[in-house]
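Trainee: The structure under discussion is supplied below as structure tokens; questions concerning it will follow.
The values are calculated or read from the model by the stated rules, or taken from the named source; none is laboratory data. From a predicted model like this one, the values you see are computed outputs, not experimental measurements. Neighbour counts run over all protein chains shown; Cβ positions are idealised from the backbone, glycine included.
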Amino acid sequence: MSQHKSSTFDRLTERFLRSVAGHVSRRNLLSRLGLTLTASSALPLLPWAKDAEATPLSHQKNGAPTPFGASAQTSDDQRCDYWRYCAIDGNLCSSCGGGVHSCPPGTEPSPTSWIGTCFNPGDKRSYIIAYRDCCGQDSCNQVNCLGTDGDQPSYRPQANNDIIWCFGTSSQVYSCSTAAIVGSAS
Amino acid sequence: MSQHKSSTFDRLTERFLRSVAGHVSRRNLLSRLGLTLTASSALPLLPWAKDAEATPLSHQKNGAPTPFGASAQTSDDQRCDYWRYCAIDGNLCSSCGGGVHSCPPGTEPSPTSWIGTCFNPGDKRSYIIAYRDCCGQDSCNQVNCLGTDGDQPSYRPQANNDIIWCFGTSSQVYSCSTAAIVGSAS
Amino acid sequence: MKATKAGAFVACLLVGGALIGGASHVHAEEPVLQTEQSDTLTLPPAGPHRVLVQDAVYEHAKDGRIYVVDADKARLMGMVQAAYNANMAGNPAAKAFYVAETAWSHGNRGTKADILATYDSRSLAIVNDEELPGRALVTPKAHNLQISADGKKIFVYDMTPGNAVHIIDANTHKVETSVDIAGCSLIYPWTDANRQSGFSSICGNGGLVNVSLKANAVPTLTHTAPFFSPDIDPVFENSPEAAADGQAWFITYSGLVWPVALGPDSTVGTPFSLQKLAGQKPGSDAKNPFDVAWRPGGWQLAAFHRKTGHLFVLMHRGTFWTHKAHGQEIWEVDVRKPALIRRIPVPAPTSLVGITQDAEPLIFTSDDQGDFFILDAKTGHLRHKMPHLGSSLIYTLSSGE
Amino acid sequence: MKATKAGAFVACLLVGGALIGGASHVHAEEPVLQTEQSDTLTLPPAGPHRVLVQDAVYEHAKDGRIYVVDADKARLMGMVQAAYNANMAGNPAAKAFYVAETAWSHGNRGTKADILATYDSRSLAIVNDEELPGRALVTPKAHNLQISADGKKIFVYDMTPGNAVHIIDANTHKVETSVDIAGCSLIYPWTDANRQSGFSSICGNGGLVNVSLKANAVPTLTHTAPFFSPDIDPVFENSPEAAADGQAWFITYSGLVWPVALGPDSTVGTPFSLQKLAGQKPGSDAKNPFDVAWRPGGWQLAAFHRKTGHLFVLMHRGTFWTHKAHGQEIWEVDVRKPALIRRIPVPAPTSLVGITQDAEPLIFTSDDQGDFFILDAKTGHLRHKMPHLGSSLIYTLSSGE
């Protein structure tokens, strides 16, 4: 009955995530994340690369594996159809005084994030994007976007864009979301 | 140079207000207000009656001493032009689950209030209205009104509708405003 | 001495008021309007059309709230705070309902408090304001706060990002125990044939974990084999389920409905396709994301009327990965046959569909302006629009739901 | 043991990332986009067109905020919380600015905290988060939080409903002393010819109280005789004043401007009528409320450009008691002559007018949709509209103001 498929890497990281997450108290995990990991290295990567690869060519448009990618643009990171935002949910930090991978002054990037795989129409490659929330100030409410490519429910947390990804920051109040390239998926 | 005029009553209550307010610590005053006064009896009345009376007849319309009163209605207490709302500022409790002089469930009427004098086109009388805020829940945001008849700056606090009149309630969070008749001014 | 002054102050004011009132009767024939007391209203007992409406206030989430609405009169009856990605649970017709919320002592900073607030359903007074060991901070999901069918236990989902469920005694308001549900999330409570209670959660592998609760015993966990693929066709978190009999209807992004009898060993039934019930081909999954079809989507995207077994699902036209798009129609399905009963157009694209549980049910929808719509479920016609009830209306909770 | 696991976890992920990155170069000729670090931006040094814009968020006041705006580029550069009828003070070009705000530990209940937050102007990091003995809860008024001209003292107005001003040392952030100003309110700081500092407050009798502050001495109070009638023609609380020279321009509801030299013994000058400067008859006061005329009104209803001595006042057509109506025009007045320089139409009815203090000044206005407008003060033409910057834009604070 199961249609479940997953790569070895996937299974390994998932099992690991669960083993860490299930047995570590909140404060322990938070402090450990905060103390030992830098913002860029702490990504629990559950890559969506395989899904892009799994999409047959007949189901692609302009080489894009999803409808979002097929109509995305690469020049304006303050619009929702910017290619990296295929799975973003929330305020664009680039419209709030930050940048596409920079937090606005007065906020702090989360060392954890959810992950999407987005198609760049410029080089026809797909990239793994870490959507790192910027935390500590309230919702900045300039350009708000909802990309849902590969967005899964919270029982797949690394692919879920509803979670306030402010684990390990000094305040868990959500301000905006960034979209940093953390790897190529093509 | 002064154009100041005031009734004896005015001066008395004002002097009193100042003597109480100036020398009593916040917690003392609050607890005393909360413990010894009921919602209806604790009104520091700085009546605006004299202003209505001071308006020459040539400057009245339909017997109303102000433009608000001249166009007010007496049937719908969920609209801003209801006669009692001549000096209200905020959400109508009558639109939030309360009534014109009743707080919505889950909120608490302030034992203190600001005071307006409003003209009732129904009986052509002016009444002193106590605008008692309902406190404890957040701004309920249904029908929001700003009546400014007789509204003076906060250096005349009993005539100022900007102040959060939640002194003496268990939470000073503002939800909505009521408009209770506390006397006739005609 | 200060106390005396304050006393004199009050007396003086009362005399002032009386003098003014006394002077007034000379003016006109009509009786002078009487002076009025201030009071606080209490709600009448709830009928089946009392509904709680949650407003997440996405732009200012610290000020989320729950509106208490009389859906017959389309009247707001009161509200309570539901701060920062809050959840609500309970029955507006019962003695109390619950709000799980989060606040910080300095607003956006300072000490964080995760709270389970208990409200009296009639007075909306806060009965208990318990601080929790934690709760998941996530755009609100109904199955992050649930109550057991007997009303005795409250379940709070926590994510640190580890996964746990805190079990709270509804009488004492204290956490009895916390259950680790590693790799799984959400709470679907059930009661089995032996009146044994527990809950199931959805796991990242496409299966379920079933948590059995026995008095004075450590909770026991069983796992159901994976039955769906989270990668290819996940089930919606807001799929409807009834705690009383543990019957869940897990709806997938593509439009399949998995009937699952939840219990200590949950039993997964055979799925049916919503689109096939409408004579259409089944919706494609992630392997074919470009296919445009009618698809389920939204936030509170489905509601279930228990007595008739009718499921109401928000549907829209779109490709795969449009699972959060607003519904354009409500598809009413008899899950017992299964058969499509009707397709009801909505007054405005909506992320929310709700239903009351009585024999004359009302349907609820919303829109992006915070308007709230009340429809007659029998005719599908709009009965009331409550303009700008709030800003981000995301959930309804009706009496007896 | 747990720590080791977490370490292995990170290593595993980094290897995973590297593998994926490494495999990609076979696909296309173009270089693969590089992986990126996350960081937090810091503001460049402020020029004269850096402006703080306060959003009271009336509908959700717990989530009030202050936007930092580059008015040349019409660009939002960051924001900080300004909760529940907050006030802001300071100079965006200085090292720090201040926000006085109020929060409750459980959002709308629990422990109340009145806070004076100090923000670094470049990083927007919170430098100090001092709890205050209290502050006035009132729709924000600029003169409820002020700084002495030398920047060494911060003044916080409190109302319990008694009236006091807390004086805070800007270095230690501690309350040095609290001054009772019974029957008076608001804070207009001044420095006199002897570089003696203090502040004046407006009293309910139409006069001022002047509070002189001397190092290591009890503050001394003097009273100025009443010069206006609060009943008949009150002065606006948001009348402009400069701490540096203590020169205030108290504008009345009817349209009079009272020049007052604030100090230990404030000197009240002769008022002039704004309407008379425009060749109109003076606006009526409360004794004749039906007269329709051009009148001052709004919230931040006036701004003062110190170097030129030009006063910018929001004016609208209306009867008396319309003192909170939005402005339809900005009247630019040279207070030294006095003379009306220009009448500038606003892009949309506005409760706010602001001005930068440089030689190429910009004018700011807003509207009810939270749009922010930036005008060239020399031409009066619109330079930029920032759509929906916020929701209830009520104050601006420019560099050097």
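Trainee: Here is a list of conditions, (1) crowded, with 21+ Cβ neighbours inside 10 Å; (2) out of contact with any helix residue (DSSP H, G or I) (no Cβ under 8 Å at 6 or more places or on another chain); (3) within 16 Å of C:Ala83 (Cα to Cα), and C:Glu131 meets all of them except one; can you say which number that is?
Mentor: (1)
Trainee: Would you check if there is a residue in region A:132-142 being farther than 14 Å from A:Arg84 by Cβ and surrounded by fewer than 24 Cβ atoms within 10 Å (Cβ to Cβ)?
Mentor: yes
Trainee: Hey, can you tell me all the residues within region C:45-59 that are farther than 14 Å from C:Ala71 by Cα and of a type in the set (Val, Ile, Thr)?
Mentor: Passing the criteria: only C:Val57.
Trainee: A:Ser154: within 13 Å of chain D (Cβ to nearest Cβ), touching a strand residue (DSSP E or B) at 6+ places or on another chain (Cβ under 8 Å) and hydroxyl-bearing (Ser, Thr, Tyr), yes or no?
Mentor: no
Trainee: Another one. Return the residues of region D:319-351 that are of a type in the set (Lys, Arg) and not in a loop (DSSP other than H, G, I, E, B); say none if nothing qualifies.
Mentor: Once the filter is applied, which keeps residues that are of a type in the set (Lys, Arg) and not in a loop (DSSP other than H, G, I, E, B), region D:319-351 yields D:Arg342, D:Arg343.
Trainee: Scan region D:166-179 and give yes if some residue there is touching a residue at least 24 places away in the same chain (Cβ under 8 Å), closer than 14 Å to D:Ala243 by Cα and touching an Asp or Glu at 6+ places or on another chain (Cβ under 6 Å), otherwise no.
Mentor: For region D:166-179, residues touching a residue at least 24 places away in the same chain (Cβ under 8 Å), closer than 14 Å to D:Ala243 by Cα and touching an Asp or Glu at 6+ places or on another chain (Cβ under 6 Å): absent.
Trainee: Across region C:151-181, what is the number of residues that are closer than 23 Å to C:Ile251 by Cα and outside any strand (DSSP E or B)?
Mentor: 1
Trainee: Something else: Within region C:162-172, how many residues are among the small types (Gly, Ala, Ser) and either more than 9 Å from chain A (Cβ to nearest Cβ) or under 18 Å from C:Ser200 (Cβ atoms) (or both)?
Mentor: Summing the residues that are among the small types (Gly, Ala, Ser) and either more than 9 Å from chain A (Cβ to nearest Cβ) or under 18 Å from C:Ser200 (Cβ atoms) (or both) in region C:162-172 gives 2.
Trainee: Taking the stated definitions as given, is C:Ala93 more than 22 Å from B:Cys176 (Cα to Cα) and within 14 Å of chain B (Cβ to nearest Cβ)?
Mentor: no
Trainee: Now for a separate question. Out of all the residues in region D:189-209, which are among the aliphatic types (A, V, I, L, M) and under 17 Å from D:Pro230 (Cα atoms)?
Mentor: D:Ile202, D:Leu208, D:Val209
Trainee: Shifting gears a bit: Where residues in region B:166-179 are touching a Phe, Trp or Tyr at 6+ places or on another chain (Cβ under 8 Å) and more than 9 Å from chain D (Cβ to nearest Cβ), which of them is surrounded by the most Cβ atoms within 10 Å (Cβ to Cβ)?
Mentor: B:Thr178
Trainee: Look through C:Ala193, C:Ala136 and report the one residue that is outside any strand (DSSP E or B) and modelled with pLDDT under 95.
Mentor: C:Ala193
Here's the yes/no breakdown for (1) within 24 Å of the chain's Cα centre (by Cα); (2) closer than 22 Å to D:Ala286 by Cβ; (3) not in a strand (DSSP E or B):
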position	(1), (2), (3)
D:Asn216	no, no, yes
D:Phe227	no, yes, yes
D:Glu237	yes, yes, yes
D:Ala244	yes, no, yes
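Trainee: Which is over 26 Å from D:Ala83 (Cα atoms), more than 13 Å from the chain's Cα centre (by Cα), facing another protein chain (nearest Cβ under 7 Å) and acidic (Asp, Glu), of A:Asp123, A:Asp138?
Mentor: None of the others qualify; the one that does is A:Asp123.
Trainee: Cβ contacts < 8 Å: first residue outside the structural domain of B:Gly147 (by TED's automatic domain parsing) and over 15 Å from B:Ile181 (Cβ atoms), restricted to region B:73-97; second residue modelled with pLDDT of 95 or more and buried (at least 20 other Cβ atoms within 10 Å of the Cβ), any location; separation 6+ or different chain. Result?
Mentor: Taking only residues 6 or more apart or on different chains, not a single pair turns up.
Trainee: So, one more: Go through region C:352-386 and count every residue that is more than 17 Å from C:Ala56 (Cα to Cα) and in a loop (DSSP other than H, G, I, E, B).
Mentor: The qualifying residues number 11.
Trainee: Restricting the search to region D:127-146, which residues are without any contact (Cβ under 8 Å) to a residue 24 or more places away in the chain and either hydrophobic (A, V, I, L, M, F, W, C) or more than 8 Å from every other protein chain (Cβ to nearest Cβ) (or both)?
Mentor: D:Glu131
Trainee: Cβ-Cβ under 6 Å, sequence separation 6+ or interchain: first residue in region C:147-161 and within 14 Å of chain A (Cβ to nearest Cβ), partner among the basic types (Lys, Arg) and not in a strand (DSSP E or B). Which pairs?
Mentor: Pairs found: C:Val156/C:Arg135; C:Asp158/C:Arg135; C:Thr160/A:Arg26.
Trainee: Might you let me know whether region D:50-60 holds any residue that is within 7 Å of another protein chain (Cβ to nearest Cβ), within 17 Å of A:Asn141 (Cβ to Cβ) and surrounded by 22 or more Cβ atoms within 10 Å (Cβ to Cβ)?
Mentor: Looking for residues that are within 7 Å of another protein chain (Cβ to nearest Cβ), within 17 Å of A:Asn141 (Cβ to Cβ) and surrounded by 22 or more Cβ atoms within 10 Å (Cβ to Cβ), one finds at least one in region D:50-60, hence yes.
Trainee: Specify the residue that is nearest to D:Ala278 (Cα to Cα); the eligible residues are those in region D:222-252 that are of a type in the set (Phe, Trp, Tyr) and at the interface with another protein chain (Cβ under 9 Å from one of its Cβ atoms).
Mentor: The residue in question is D:Phe236.
Let's see how each residue does on (1) assigned to a loop (DSSP other than H, G, I, E, B); (2) among the hydroxyl-bearing types (Ser, Thr, Tyr):
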residue: A:Asp76; (1), (2): yes, no
residue: A:Ser94; (1), (2): no, yes
residue: A:Gly97; (1), (2): yes, no
residue: A:Gly106; (1), (2): yes, no
residue: A:Thr112; (1), (2): yes, yes
residue: A:Phe119; (1), (2): no, no
residue: A:Ile129; (1), (2): no, no
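Results for (1) more than 20 Å from the chain's Cα centre (by Cα); (2) farther than 30 Å from B:Cys145 by Cβ, shown as yes or no for each residue.
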| position | (1), (2) |
| --- | --- |
| D:Leu311 | no, yes |
| D:His316 | yes, no |
| D:His323 | no, no |
| D:Gly327 | no, no |
| D:Pro338 | yes, yes |
| D:Ile341 | yes, yes |
| D:Gly354 | no, no |
| D:Glu360 | yes, yes |
| D:Gln369 | no, no |
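Per-residue answers, yes or no, for (1) touching a strand residue (DSSP E or B) at 6+ places or on another chain (Cβ under 8 Å); (2) within 26 Å of C:Lys324 (Cβ to Cβ):
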site	(1), (2)
C:Ser197	yes, no
C:Gly204	yes, yes
C:Asn216	no, no
C:Pro219	yes, no
C:Ile232	no, yes
C:Glu237	yes, yes
C:Pro240	yes, yes
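Trainee: So, C:Val257, is that one away from every other protein chain (no Cβ under 14 Å), touching a strand residue (DSSP E or B) at 6+ places or on another chain (Cβ under 6 Å) and in a strand (DSSP E or B) or not?
Mentor: For C:Val257, the condition - away from every other protein chain (no Cβ under 14 Å), touching a strand residue (DSSP E or B) at 6+ places or on another chain (Cβ under 6 Å) and in a strand (DSSP E or B) - is met.
Trainee: Separate question: Which residues, counting only those in region A:75-101, are at the interface with chain D (Cβ under 10 Å from one of its Cβ atoms) and either aliphatic (A, V, I, L, M) or within 22 Å of C:Ala325 (Cα to Cα) (or both)?
Mentor: Within region A:75-101, A:Arg84, A:Val100 qualify.
Trainee: Just need a number here: residues in region C:173-188 that are within 12 Å of chain A (Cβ to nearest Cβ), among the hydroxyl-bearing types (Ser, Thr, Tyr) and either more than 22 Å from A:Ile163 (Cα to Cα) or buried (at least 23 other Cβ atoms within 10 Å of the Cβ) (or both).
Mentor: Counting residues in region C:173-188 that are within 12 Å of chain A (Cβ to nearest Cβ), among the hydroxyl-bearing types (Ser, Thr, Tyr) and either more than 22 Å from A:Ile163 (Cα to Cα) or buried (at least 23 other Cβ atoms within 10 Å of the Cβ) (or both) gives 2.
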